[in-house]
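Only one structure is covered here, and it is reproduced in the block below.
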Amino acid sequence: MNQKTFNKNISSTQATYAPEKAMLYNRGLSYRFEIMDDGNIYSISFNAGLTQEETKKILESIQNCLYEKITGYIQKYLEQSNIAYTGFVASRKPLSHSRAMKLTELFLHSENCISLDTHTSNADIYYAIIDHQQSDSKGNCEGCYIVAQKTPALSNCQHKYSIIGQTFSCNETNSDEYSYFAIRESKENELINNIALSSGEPVLPSFGCIDLPTLLLNIDNIQTAEQVIEIAVK
């Protein structure tokens, strides 16, 4: 699908930042971003001592660009802000439909942090956007939307996961649709709980412009499907 540019901030859902948590970001961490669309996976990784506010500004900087441009926007922000960083690596690789759906399954159905760590273990801070769908010659379509975040935690756990996502299947000729939607968050016992859960009629439309970058920016303060719709549906 073609990803459009967005310029939408929901002031009522902007995250707040605790000074004690910001200290965790200052000590120098490994960062990894993964952006997946209909045919590619764009990966960016680097090491830096960003504050939490600087990390937020990186997410803001990618709100208004195409997915394939995100690598340049992140590196541009680091350089223009005079932020010291090392080990910047960016890549683009083909993304198969089965790979996209398998990763979505991991994010939406893993029961604990250990399962997710199998994919994110090489990063202290991890962000993902999956915006993918595939249609066949009979008009059947299957796809997924995911925003995911892994950040340092103040509790006994090493980190915290926040996930919002939906899988969907539909038929373009008869309008049949089915989806599975969840808002998820890890707890101190490292189990991942569903804050909101829905199956059947899609929460997010299968076709149209879905503002996943802004959804990721606001993920810390989203608790309901209604908030997701307000922020993400154009």
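The values are calculated or read from the model by the stated rules, or taken from the named source; none is laboratory data. All figures in this text were calculated on a predicted structure; none of them were measured in a lab. So basically every Cβ, Gly included, is an ideal-geometry build from the backbone, and we count neighbours across all protein chains shown. For the accessible areas, the whole protein counts, side chains as well, though only heavy atoms, and no ligand, DNA or RNA atoms are used. Shrake-Rupley method; radii C 1.70, N 1.55, O 1.52, S 1.80 Å.
Answer yes if at least one residue in the stretch 114-132 is over 16 Å from Ile210 (Cβ atoms), assigned to a strand (DSSP E or B) and in contact with a Cys (Cβ under 8 Å, 6 or more places away or on another chain), and no otherwise. For the stretch 114-132, residues over 16 Å from Ile210 (Cβ atoms), assigned to a strand (DSSP E or B) and in contact with a Cys (Cβ under 8 Å, 6 or more places away or on another chain): absent. For the stretch 68-107, taking the residues that are among the β-branched types (Val, Ile, Thr) and part of a helix (DSSP H, G or I), the one that is most open to solvent (accessible area, probe 1.4 Å) is identified as Thr71.
In the set Asp220, Asp176, only one residue is closer than 30 Å to Gln158 by Cα and among the acidic types (Asp, Glu); that residue is Asp220.
Looking only at residues of the stretch 167-194 that are among the hydroxyl-bearing types (Ser, Thr, Tyr) and at pLDDT 85 or above, we find that the one that is farthest from Ser137 (Cα to Cα) is Ser186.
Pairs linking a residue in the stretch 182-201 that is under 19 Å from Asp117 (Cβ atoms) and charged (D, E, K, R) to a residue that is open to solvent by less than 60 Å² (accessible area, probe 1.4 Å) and not in a strand (DSSP E or B), with Cβ atoms under 7 Å and 6 or more positions apart or on different chains, are Glu188/Ser155; Glu188/Cys157; Glu190/Cys113; Glu190/Cys157. Is it the case, given these coordinates, that Ala100 is in contact with an Asp or Glu (Cβ under 9 Å, 6 or more places away or on another chain) and either farther than 22 Å from Glu142 by Cβ or in contact (Cβ under 8 Å) with a residue 60 or more places away in the chain (or both)? Answer is yes for this residue. Checking each residue in the stretch 187-224 for being of a type outside the set (Asp, Glu), under 17 Å from the mean Cα position of the chain (by Cα), closer than 27 Å to Tyr67 by Cα and open to solvent by less than 20 Å² (accessible area, probe 1.4 Å) picks out Leu204, Ile210, Leu212, Pro213, Thr214, Leu215, Leu216, Leu217, Asn218, Ile219, Ile222.
Given the condition of a type in the set (S, T, N, Q) and part of a strand (DSSP E or B), answer yes or no: does some residue in the stretch 141-154 qualify? Yes: the stretch 141-154 contains one or more residues that are of a type in the set (S, T, N, Q) and part of a strand (DSSP E or B).
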